[in-house]
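Notes to accompany the following structure.
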Amino acid sequence: MCHVLGVSPSGYYAWRGRPPSRRAVQDRELGRCIRRIHEDSRGVYGVPRIYVELREEGRRVGRKRIARLMRVQGLEGVSRRKRVRTTRRGKSPRAVPDLVERDFTADGPDQLWVADITYIRTWSGFLYLAVVLDAWSRRIVGWSMKSHLRTELVLEALEMALWQRRPTSVVHHSDQGTQYTSIAFGLRCKRAGIRPSMGSAGDCYDNALCESFFASLECELLDRTSLRTHAEARLSIFDYIESFYNRQRRHSSVGYISPVNFENSAPEARLATRFRRTLVSTSAEDVDIPAARASV
């Protein structure tokens with residue numbers, strides 16, 4: 001065997017009696033930490049977020065090493081799937097302008113909310129989820145789930161956001177779905193002092209922030225779970241939004257911390273937001289922004 005493998009017998013016996021190297025011992029310990037973080041994230045985190053977790057624990061380790069140890073253990077982050085279209089544009093022309101124009105940055109809380117609807121597939125049929133997301137912290141501030149797509153679905157999500165946040169001046173941005181163009185929704189926005197905003201029809205980039213949240217929800221929960229009933233789906237989504245997404249999940253857009261922690265560290269969060277706005281403004285082309293958007 002030594003002749004076939006091209007090694008000396010003395011070298012073989014030295015290898016058998018040699019203790020594990022310091023590097024191997026460190027890799028074994030680091031591998032256990034990576035598996036723990038991966039399990040605590042519900043199997044969601046990939047290399048970037050595990051890297052941040054390890055750095056906060058005081059472990060200085062490179063991304064390539066993390067990727068190698070994850071590959072050895074068969075660990076990986078989640079990927080995304082294609083969506084089914086649920087938006088149905090109203091027949092009437094758009095009633096409100098686009099006050100956002102794909103600029104989803106904000107200098108503080110409750111200045112810009114984005115909203116949308118997605119579907120949840122269960123064995124008992126579709127369940128529909130409407131959310132309201134604060135663009136500053138990426139926190140879901142309002143949500144509602146129903147078995148239909150009538151206007152009360154989005155009204156309940158808006159009411160929850162109003163009850164939790166008590167905004168003084170906020171832009172509510174959505175697509176041109178019939179729920180958002182309805183008279184009832186428009187009247188509620190008027191009574192609450194909310195300025196409605198809508199993107200163009202059939203363009204996902206005009207509401208990219210909500211599309212990003214739905215993509216995370218789908219790949220981190222829905223694609224990995226078989227939901228039998230609407231009640232089971234409601235509990236799973238409630239747990240994902242309130243326990244994981246808002247309070248635990250690290251978001252790259254807010255410095256790899258959770259939305260709740262981002263809001264709690266307000267001075268640092270505002271500084272990070274201004275830095276992000278500077279990066280966007282220096283890399284984007286010069287465009288004319290409406291006066292209405294300037295107040296956001």
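The values are calculated or read from the model by the stated rules, or taken from the named source; none is laboratory data. None of these values were measured; they are calculated from a predicted model. Virtual Cβ from ideal backbone geometry, glycine too; neighbours counted across all protein chains shown.
Please find, among 138, 102, the residue that is of a type in the set (Lys, Arg) and either over 21 Å from residue 160 (Cα atoms) or without any contact (Cβ under 8 Å) to a residue 40 or more places away in the chain (or both).
Details: 138 fails: either over 21 Å from residue 160 (Cα atoms) or without any contact (Cβ under 8 Å) to a residue 40 or more places away in the chain (or both).
The unique qualifying residue is 102.
Using beta carbons and a limit of 8 Å, which pairs, at least six apart or on different chains, have the first residue in the stretch 195-211 and crowded, with 18+ Cβ neighbours inside 10 Å and the second one among the basic types (Lys, Arg) and at pLDDT 90 or above?
Close Cβ pairs (under 8 Å, with a partner that is among the basic types (Lys, Arg) and at pLDDT 90 or above) amount to 209/138.
Inspect the stretch 24-42 for any residue being out of contact with any helix residue (DSSP H, G or I) (no Cβ under 9 Å at 6 or more places or on another chain) and modelled with pLDDT under 85 and give the result as yes or no.
First, the residues of the stretch 24-42 that are out of contact with any helix residue (DSSP H, G or I) (no Cβ under 9 Å at 6 or more places or on another chain): 24-26, 28-29, 32, 36, 39.
Okay, now just the ones that are also modelled with pLDDT under 85, so none.
Within the stretch 24-42 (the criterion being out of contact with any helix residue (DSSP H, G or I) (no Cβ under 9 Å at 6 or more places or on another chain) and modelled with pLDDT under 85), the answer is no, since none of the residues qualifies.
Residues of the stretch 224-241 being over 15 Å from the mean Cα position of the chain (by Cα), in a helix (DSSP H, G or I) and under 26 Å from residue 260 (Cα atoms), which ones?
Taking the stretch 224-241 and keeping what is over 15 Å from the mean Cα position of the chain (by Cα), we get 224-236.
In the following step, the residues that additionally are in a helix (DSSP H, G or I) were identified as 224, 230-236.
If the condition is that a residue be over 15 Å from the mean Cα position of the chain (by Cα), in a helix (DSSP H, G or I) and under 26 Å from residue 260 (Cα atoms), then 224, 232, 233, 234, 235, 236 are the ones that fit.
Please specify each residue of the stretch 159-190 satisfying the condition of being in contact with a strand residue (DSSP E or B) (Cβ under 6 Å, 6 or more places away or on another chain), assigned to a helix (DSSP H, G or I) and crowded, with 22+ Cβ neighbours inside 10 Å.
Taking the stretch 159-190 and keeping what is in contact with a strand residue (DSSP E or B) (Cβ under 6 Å, 6 or more places away or on another chain), we get 160-161, 164-165, 170-174, 176, 180, 189.
Checking which are assigned to a helix (DSSP H, G or I) leaves us with 160-161, 164-165, 180, 189.
Selection gives 161, 180.
Report yes if residue 197 is hydroxyl-bearing (Ser, Thr, Tyr), touching a helix residue (DSSP H, G or I) at 6+ places or on another chain (Cβ under 9 Å) and in a strand (DSSP E or B), otherwise no.
Judged against the criteria, residue 197 is a match.
Out of all the residues in the stretch 221-249, which are without any contact (Cβ under 8 Å) to a residue 12 or more places away in the chain and among the hydroxyl-bearing types (Ser, Thr, Tyr)?
Scanning the stretch 221-249 gives 225, 243.
I need a count of the residues in the stretch 141-151 that are surrounded by fewer than 22 Cβ atoms within 10 Å (Cβ to Cβ) and touching a residue at least 24 places away in the same chain (Cβ under 8 Å).
At the first step, the residues of the stretch 141-151 found to be surrounded by fewer than 22 Cβ atoms within 10 Å (Cβ to Cβ) are 143-151.
Now drop any that are not touching a residue at least 24 places away in the same chain (Cβ under 8 Å), which leaves 143, 145, 147, 149-151.
Residues meeting the conditions: 6.
Return the total of residues in the stretch 1-57 being of a type in the set (Phe, Trp, Tyr), touching a residue at least 12 places away in the same chain (Cβ under 8 Å) and assigned to a helix (DSSP H, G or I). Outline the logic, then answer.
Narrowing the stretch 1-57 to residues of a type in the set (Phe, Trp, Tyr): 12-13, 15, 45, 51.
Remaining after also requiring touching a residue at least 12 places away in the same chain (Cβ under 8 Å): 45, 51.
Subset that is assigned to a helix (DSSP H, G or I): 51.
Total satisfying the criteria: 1.
Out of 281, 236, 253, which single residue is within 30 Å of residue 119 (Cβ to Cβ) and modelled with pLDDT under 90?
From the options 281, 236, 253, the qualifying one is 253.
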